[in-house]
Amino acid sequence: MMHIFLKRIKDQHHHITKLIGEKKLKESFVELNEFIAKTNNWDLQNKLKEIETSYSYMLDYMRQDIADPKRTEMHQKLLRDTLAIADKACLLNTSLEPYRTSYFKTLDKLKSEDTQYTLDTIQIELEAYTENYAVAGLLKNQDSTEQLNNVRKRHEEIQSTMFSMIWTSQYWTDEEEAVAKRMLESVLITENDLCLFVSAVTLGLLENFDSKKLMLLFDAYNHENNQINQRALVGLVLAFQSYHTRLPFYPEVVARLSHLNENEAFAKSLNRIQIQILLSKDTDKINKKMQEEIIPEMIKNANSHNLRINPDENEEDFNPDWVQNIENSAFGDKLREMSELQMEGADVYMSTFAYHKGYRFFQTINNWFYPFDKQHSLVVSELGDGTGSNVIDLILESAFFCDSDKYSLLFTIMQIPASHREMMTRQLSEQQLDELMNEKSDSMKAFSGRPELISNQYIHNIYRFFKLFKFQHEFLDIFEEPIHLNEYPVLKEIMYKPQLLKDLVNFLFRKAHYSEATEVYNLLLKLEDDNAEVYQKLGYCHQKQKQYAQALSAYSKADMLKPDNVWTNRHMATCYRMMNDYAKATVYYKKVEQVQPENRSLLYNTGSCLVELGQFDEALQYFFKLDFIEPDNLRTWRAIGWCSFMLKKLEQARKFYDKIIEKNGVAPDYLNAGHVVWCLGDMKKAMEFYSKSCELSGSRALFLDVFNKDKEFLLENGVNTYDIALMYDLI
């Protein structure tokens, strides 16, 4: 019930901010007064009254045509101030009992217990960590291990305090903003801590808009460390997604974006992040494919190919045919599919690790965003000195696991009995391990350091938080929200470029997001209206959405730019056929036939259209040609049988229906065969076929419904009305 009330509050807040974003201030005042009334906050009500008064004066000046050079600037300020009041009212409403989220109650308690901390003191603590750790490590007495552990735990407490403080802060003061910038620029704070710091700023910004936090992310994007700047970039994209309607009201944001527009790499990076987020939205589909197709095929293969190969020292016993068989098998297909998904950046491990987030480590919220660190106290408690076997180290250094999954994997591995873990290590000789480690270490580090990989794995971390954290329902799931960077006015100059739109729409098209792809293709055509391929793909998107008229419009334009294209003609024929315009469909099918005279599908569809047009003689020519090319096809025999019946070639029809029934007849086959033999005068056989059809139909009513629709065909072949009536009762 609490979540329902929270959703109502969030929805009302969203509606108000949408009105403000559309510059409908008067409407927003009405809604906002009601919203504030629930909080009983007089100070907030008075501030809104002041804004309403100022806005009223501004409208009066405009009505009197009084020149005001600062009108636009004043209007933007009023919009910003109204947004701030709406945000504050939302926070106050969600803070009321019983609406307060259980997690934020916990955070409030933590904040009250840590009143001695400010961003200043946190910066000092974080900067001292490296030195404190080094000093504790120099001790040679028996207390060294304990002191190192104390330093780690103290550091982790400060991390947690920092994260909670930044996340729950509504607006930074100028002083807090200055400290945050100093923290970002500090060379004494570790990379991992700065990564966590950027994540806290992002989460805080998503919880409540603060232009100072957004500007901090812009600064972090310019950081020389890829781990930090890619987290900031993801944070910026998520902020643009959430607040694109209000950003134009903040001149400092607009100015920063204008400056970044001069950097071509920034636009490409935004587009890349958008595509990676869209890819993450497909994670449920990928999980389903993994669970229902890929993993079962792997298990099946493991059970059926349990080969134990112990080659002689001087002889290679491995049969190359085995590799070929695997490569050509369904198992090989699934392996390739998984590999392709993985290389594309798809989240293929979500389903694997979804049930491994119950460890104590994940009960602390900031750990969901913390880079993998073997010096974390909980990791050290499992591995002892913070290092595992070469095999474990190799797994944990893999570039294909996000940080969250690396922690899950480690804690899972460490629950395996030590003897079994040793068996893992013994599977590889020391020489093999050394070769593997040496071969992979440099290339792995280079691969792991690529910006696109860092951002993608970070998005996987965020995805796991919003989907698997035990208080997930208390937060707005950003992965359920639409993202269209190229449509946001504040980003139009940056994102509205042909190559960026092509990269985006190619992804959408490849992933069968036809509705979204349609929108982007239409945008792209405003920039490049002479591209036949774009019109073809736009038509295909419409066709997949069963929007056949729009598809034909796009295909026609593609045909003008690239005439007599086989692909275009065939798809135009299909659209006309789906619209029941069989005459035009036949025209286009015959155009394709000139190029592909033996295309089986084409021959069948052309014949089918001719049947619908009542041109049974010509249709038969197509079906007989198809029967010659592809003998023993039931679908072709059925078409020949029906056309023969309609042309009153009853013996020919009987021949084909006999073949169909002998091979694999179904209810409609027995019905049609009954028609044929009845028209030939074999009443007894007709009864037999009709009874069988009725039985296979599973319902006498269903059978009679179909039978009644064929009444006119029976009459045309000489069966009289009275006999048809009698046949109903006989059946």
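Beta carbons closer than 9 Å, at least 6 apart along the sequence or on distinct chains, pair a first residue in the range 46-68 that is free of Cβ contacts under 8 Å to residues at least 40 places away in the same chain with a second that is part of a loop (DSSP other than H, G, I, E, B) for Met58/Asp68; Asp60/Ile66; Tyr61/Ala67; Tyr61/Asp68; Met62/Asp68. For Asp317, the test of being more than 26 Å from Ala354 (Cα to Cα) and either at pLDDT 95 or above or basic (Lys, Arg) (or both) is failed.
For first residues located in the range 72-85 and assigned by TED's automatic domain parsing to the domain that holds Tyr57 and in contact (Cβ under 8 Å) with a residue 60 or more places away in the chain, partners that are buried (at least 20 other Cβ atoms within 10 Å of the Cβ) and not aliphatic (A, V, I, L, M) and lie 6+ apart or on another chain with Cβ distances below 7 Å form the pairs Gln76/Phe249; Leu79/Phe249; Arg80/Phe249; Arg80/Tyr250; Thr82/Ser28; Leu83/Thr17; Leu83/Arg246. For the range 178-197, the criterion of being farther than 26 Å from Ser455 by Cβ, in contact (Cβ under 8 Å) with a residue 12 or more places away in the chain and assigned to a helix (DSSP H, G or I) is met by at least one residue. For the range 50-66, taking the residues that are touching a helix residue (DSSP H, G or I) at 6+ places or on another chain (Cβ under 7 Å) and not aliphatic (A, V, I, L, M), the one that is surrounded by the fewest Cβ atoms within 10 Å (Cβ to Cβ) is identified as Ser54. Checking Ala549, Ala558 one by one, the residue that is more than 28 Å from the chain's Cα centre (by Cα), surrounded by fewer than 21 Cβ atoms within 10 Å (Cβ to Cβ) and on the phi < 0 side of the Ramachandran plot is Ala549 and no other. For the range 198-230, the tally of residues that are touching a residue at least 24 places away in the same chain (Cβ under 8 Å) and within 19 Å of Thr168 (Cβ to Cβ) stands at 18. Within the range 570-587, residues that are free of Cβ contacts under 8 Å to residues at least 60 places away in the same chain sit with their Cβ atoms under 6 Å from residues that are outside any helix (DSSP H, G or I) and of a type in the set (A, V, I, L, M), at 6+ positions apart or across chains, in these pairs: Tyr582/Leu613.
Can you tell me which residue in the range 161-188 is nearest to the chain's Cα centre (by Cα), limited to those that are of a type outside the set (Lys, Arg), surrounded by fewer than 17 Cβ atoms within 10 Å (Cβ to Cβ) and closer than 23 Å to Gln116 by Cβ? Show your work before the answer.
The initial filter retains those residues of the range 161-188 that are of a type outside the set (Lys, Arg), namely 161-180, 183-188.
Filter again for surrounded by fewer than 17 Cβ atoms within 10 Å (Cβ to Cβ), leaving 170-171, 173-175, 178, 185-188.
When the remaining residues are screened for being closer than 23 Å to Gln116 by Cβ, the result is 170-171, 173-175, 178, 186, 188.
Details: Gln170: 30, Tyr171: 32, Thr173: 37, Asp174: 38, Glu175: 40, Ala178: 37, Ser186: 36, Leu188: 38 Å.
Once the filter is applied, the top-ranked residue is Gln170.
Here is a check on your reading of the model: is Tyr657 closer than 28 Å to Leu610 by Cβ, of a type in the set (Ser, Thr, Tyr) and over 47 Å from the mean Cα position of the chain (by Cα)? Yes; evaluated as a whole, the condition is true for this residue. Residues that are assigned to a helix (DSSP H, G or I) and touching a residue at least 40 places away in the same chain (Cβ under 8 Å) within the range 13-28 comprise His13, Ile16, Thr17, Lys18, Ile20, Gly21, Leu25, Ser28, listed in sequence order.
Within the range 697-731, the set of residues being touching a residue at least 24 places away in the same chain (Cβ under 8 Å) and hydroxyl-bearing (Ser, Thr, Tyr) comprises Ser697, Tyr728. Considering only residues in the range 246-272 that are of a type in the set (Asp, Glu) and part of a helix (DSSP H, G or I), the one that is modelled with the highest pLDDT turns out to be Glu252. Of the residues Tyr722, Tyr690, Tyr728, which is in contact with a helix residue (DSSP H, G or I) (Cβ under 9 Å, 6 or more places away or on another chain), farther than 22 Å from Leu620 by Cβ, surrounded by fewer than 16 Cβ atoms within 10 Å (Cβ to Cβ) and not small (Gly, Ala, Ser)? None of the others qualify; the one that does is Tyr728. Look at (1) hydroxyl-bearing (Ser, Thr, Tyr); (2) in a helix (DSSP H, G or I); (3) closer than 29 Å to Asp87 by Cα and you find that Tyr171 fails only one, number (2). None of Leu603, Leu647 is touching a helix residue (DSSP H, G or I) at 6+ places or on another chain (Cβ under 6 Å) and surrounded by 15 or more Cβ atoms within 10 Å (Cβ to Cβ) except Leu603.
Is it the case that Ala583 is assigned to a helix (DSSP H, G or I) and either modelled with pLDDT under 95 or surrounded by fewer than 18 Cβ atoms within 10 Å (Cβ to Cβ) (or both)? Steps first, please.
Values: assigned to a helix (DSSP H, G or I): yes; either modelled with pLDDT under 95 or surrounded by fewer than 18 Cβ atoms within 10 Å (Cβ to Cβ) (or both): yes.
Judged against the criteria, Ala583 is a match.
Looking at Asn271, is it within 27 Å of Leu508 (Cβ to Cβ) and surrounded by fewer than 17 Cβ atoms within 10 Å (Cβ to Cβ)?
Working: within 27 Å of Leu508 (Cβ to Cβ): yes; surrounded by fewer than 17 Cβ atoms within 10 Å (Cβ to Cβ): no.
Considered against the rule, which asks whether it is within 27 Å of Leu508 (Cβ to Cβ) and surrounded by fewer than 17 Cβ atoms within 10 Å (Cβ to Cβ), Asn271 comes out as no.
Yes or no, residue by residue, for (1) touching a Phe, Trp or Tyr at 6+ places or on another chain (Cβ under 7 Å); (2) among the hydrophobic types (A, V, I, L, M, F, W, C); (3) under 13 Å from Phe713 (Cβ atoms):
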| residue | (1), (2), (3) |
| --- | --- |
| Gly614 | no, no, yes |
| Ala619 | no, yes, no |
| Phe623 | no, yes, no |
| Leu626 | yes, yes, no |
| Ile629 | no, yes, no |
| Asn633 | no, no, no |
| Thr636 | yes, no, no |
| Glu651 | no, no, no |
| Asp658 | no, no, no |
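Do the conditions hold for Ile294, that is, is it surrounded by 14 or more Cβ atoms within 10 Å (Cβ to Cβ) and modelled with pLDDT under 95?
Details: surrounded by 14 or more Cβ atoms within 10 Å (Cβ to Cβ): yes; modelled with pLDDT under 95: yes.
So Ile294 fits the description; yes.
Here the range 660-685 is the region considered, the condition is being surrounded by fewer than 22 Cβ atoms within 10 Å (Cβ to Cβ) and over 52 Å from the mean Cα position of the chain (by Cα), and the residue that is nearest to Glu716 (Cα to Cα) is Cys679. State whether the residues of the range 382-400 include one that is under 30 Å from Ile166 (Cβ atoms), modelled with pLDDT of 70 or more and of a type in the set (Gly, Ala, Ser). Yes, because at least one residue in the range 382-400 is under 30 Å from Ile166 (Cβ atoms), modelled with pLDDT of 70 or more and of a type in the set (Gly, Ala, Ser). For the condition surrounded by fewer than 20 Cβ atoms within 10 Å (Cβ to Cβ) and under 14 Å from Trp642 (Cβ atoms), Asp710 qualifies.
The values are calculated or read from the model by the stated rules, or taken from the named source; none is laboratory data. Everything quoted here is computed from the prediction, not taken from an experiment. All Cβ positions, glycine included, derive from the backbone under ideal geometry; neighbour counts span all protein chains shown.
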